[in-house]
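Structure first, then comments.
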Amino acid sequence: MVAVSFGTALVVIDGAIAAVALPTIARSLHVDNAAVVSIVTIYQLTLVMLLLPFAGLAERIGVKRMYQGGQALFAVATMLCFFAESLPFLLIVRTAQAIGAAGALSVTSAMVRAIYPRAMLGRGLGLNAVIVSSSAAAAPTVGGLILGIAPWPWVFASAVPFAIISLFLGRSLPDLPRRSEPFDVLGAVMCAATFGLVIGGLESAVHGDSPVVSGAIVVAGLGIGWFFVQREMHEAKPILPIDLLSRPVIALSAIGAFTAFLASQALLLSLPFRLQHSYGFSPSEVGAMIAPWPLTTLFVAPISGALSDRIPAGLLGGVGMTLAVTALVLLANLPPDPGYVDVAWRMSLCGAGFGMFLSPNARLVVGSSPRDRATAAGGLVSTIRMVGQTSGATLVAALLAMGIGAGPVPPYTAAALALIAGLCSVARLRPSIRNPQFGEAEGTQPASQVR
């Protein structure tokens, strides 16, 4: 589990750490700010495109081999970032970084399931959720510290020793039985094209100058997606896990997770604009006000994950989203002259709500899947997270473009999305839905029955 946590932290931090260095990179490479943002977006988009195909490939070549191969590519690409002297070269190696990160992240949940007994799966996934959230929260601070003492290439190069350590630790990871069926290359290409074109088209519609071209890209992606879904419906174990999504408990969990990640990203990206533009806080003060969210999640996520081994995830998620909706509405109605405490306790309540929802939700998706589809379930969890976060960034950009992104509209929008997630969670308490086919969906069974 140390190996999994170390590798997960590495790829999450290095994926997010570039954001704080963007202004410096733009000045150094003599490019404009709009162009340099592609360093972050190309990483996110590549991850979204490849997580599910790599999860399917891992079932054929081996989970451990996929993880170690992804870490090795990530390490090499990270080292090459140090030598980048132009934006095109940096984008190429960032894409290679994202390919390696996708290989590692696509199988993380499957390895956690292989490491922990079923009766303890919730606490294992809760720990993994803490690693992801804390790494993402630490990335800006780590990047700022490095930039304070070294040129921007060291933001990437400083991760190389840790990547080598991660590869060494990865030798202790378990492997899962492999499938003998040939890999569906065409299905993998269609999956990547669907996500890439739809999400890329939506982002270009917000940032680009040609809505007609952006619309055509989205339509092309939706067209490929329609044929892809029709094709996957006839596969026994499809790359897009339709077989898992056909189960109501997993479908509701997927919808709830997507809306929850969309809501959290919409608030976290829009709130700094509101606090700076409307209330006049400095960037350092804004960072201090946002920090209670991830700090609270660090404590709540593992506790809720462990509780999900005994208490239905639907109940935990319903309580969590009730807290989140309350906090988001309160954030939308800040006092006319808010102080640090006014914002901080609301952010802490948000972190508690989302932390209570997401860990049990991931446990339910992975635990409700048959063991030979654990890798696909883990890829689904990671893909939903990335799609939700990327879509949240696009939503905030659209609201800012309409002139309503720096006010109370984003937290109200996030509250509505969190309400949908809560309803999906509570709906899983129905006996007809929560009765799992594979005997693992809810942590309500004694350990003697689930082993």
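The values are calculated or read from the model by the stated rules, or taken from the named source; none is laboratory data. Just so you know, these numbers come straight off a predicted model, no measurement behind them. For neighbour counting, all protein chains shown are included, and Cβ atoms are generated from backbone atoms with ideal geometry for every residue, glycine included.
Being without any contact (Cβ under 8 Å) to a residue 60 or more places away in the chain and out of contact with any helix residue (DSSP H, G or I) (no Cβ under 9 Å at 6 or more places or on another chain) is the filter here; which residues of region 59-95 pass it? The answer is PRO88, and nothing else. When ARG434, ARG451 are screened for being surrounded by 19 or more Cβ atoms within 10 Å (Cβ to Cβ), over 24 Å from the mean Cα position of the chain (by Cα), modelled with pLDDT under 75 and not hydrophobic (A, V, I, L, M, F, W, C), only ARG434 passes.
Once region 111-155 is narrowed to residues that are modelled with pLDDT under 75 and among the basic types (Lys, Arg), the residue that is farthest from PHE83 (Cα to Cα) is ARG118. For the residues LEU334, LEU358, the requirement of being over 21 Å from GLY200 (Cα atoms) and surrounded by 24 or more Cβ atoms within 10 Å (Cβ to Cβ) singles out LEU358. The residue list ILE146, ILE131, ILE199 contains one member that is out of contact with any strand residue (DSSP E or B) (no Cβ under 9 Å at 6 or more places or on another chain) and farther than 27 Å from PRO53 by Cβ, which is ILE146. Under the condition of being more than 21 Å from the chain's Cα centre (by Cα) and either among the charged types (D, E, K, R) or under 21 Å from LEU176 (Cβ atoms) (or both), the residues counted in region 70-82 number 1.
Only residues that are without any contact (Cβ under 8 Å) to a residue 40 or more places away in the chain and assigned to a helix (DSSP H, G or I) were counted across region 246-267, and they come to 1.
Can you confirm whether VAL325 is of a type in the set (Val, Ile, Thr), part of a helix (DSSP H, G or I) and within 15 Å of ALA288 (Cα to Cα)? Criteria not met by VAL325. Just checking, does region 32-42 include any residue being surrounded by 24 or more Cβ atoms within 10 Å (Cβ to Cβ) and small (Gly, Ala, Ser)? Scanning region 32-42, I find no residue that is surrounded by 24 or more Cβ atoms within 10 Å (Cβ to Cβ) and small (Gly, Ala, Ser), so the answer is no.
Total residues in region 271-304 satisfying the condition of being part of a helix (DSSP H, G or I), at pLDDT below 80 and of a type outside the set (A, V, I, L, M, F, W, C): the figure is 8.
Among the residues making up region 286-311, those that are buried (at least 21 other Cβ atoms within 10 Å of the Cβ), within 26 Å of PRO431 (Cβ to Cβ) and either of a type outside the set (A, V, I, L, M) or assigned by TED's automatic domain parsing to the domain that holds ALA139 (or both) are SER304, GLY305, SER308, ASP309. You will find that of SER369, SER348, the residue that is closer than 21 Å to VAL130 by Cβ, of a type in the set (Ser, Thr, Tyr) and not assigned by TED's automatic domain parsing to the domain that holds LEU47 is SER348 and no other. Please tell me if VAL107 is free of Cβ contacts under 8 Å to residues at least 40 places away in the same chain and crowded, with 17+ Cβ neighbours inside 10 Å. So VAL107 fails the test. Of everything in region 176-212 that is assigned to a helix (DSSP H, G or I) and more than 22 Å from LEU47 (Cα to Cα), the residue that is modelled with the highest pLDDT is VAL212. Select, from ALA96, ALA119, ALA84, ALA114, the only residue that is within 25 Å of THR46 (Cα to Cα), assigned by TED's automatic domain parsing to the domain that holds LEU10 and in a helix (DSSP H, G or I). Checking each option against the conditions leaves just ALA96. Would you check if ARG346 is charged (D, E, K, R), touching a residue at least 40 places away in the same chain (Cβ under 8 Å) and either in contact with a helix residue (DSSP H, G or I) (Cβ under 6 Å, 6 or more places away or on another chain) or not in a helix (DSSP H, G or I) (or both)? So ARG346 does not fit the description; no. Screening PRO177 on (1) more than 24 Å from SER264 (Cβ to Cβ); (2) within 22 Å of the chain's Cα centre (by Cα) shows it passes everything except condition (2). The residue list GLU232, GLU181 contains one member that is acidic (Asp, Glu) and surrounded by 18 or more Cβ atoms within 10 Å (Cβ to Cβ), which is GLU232.
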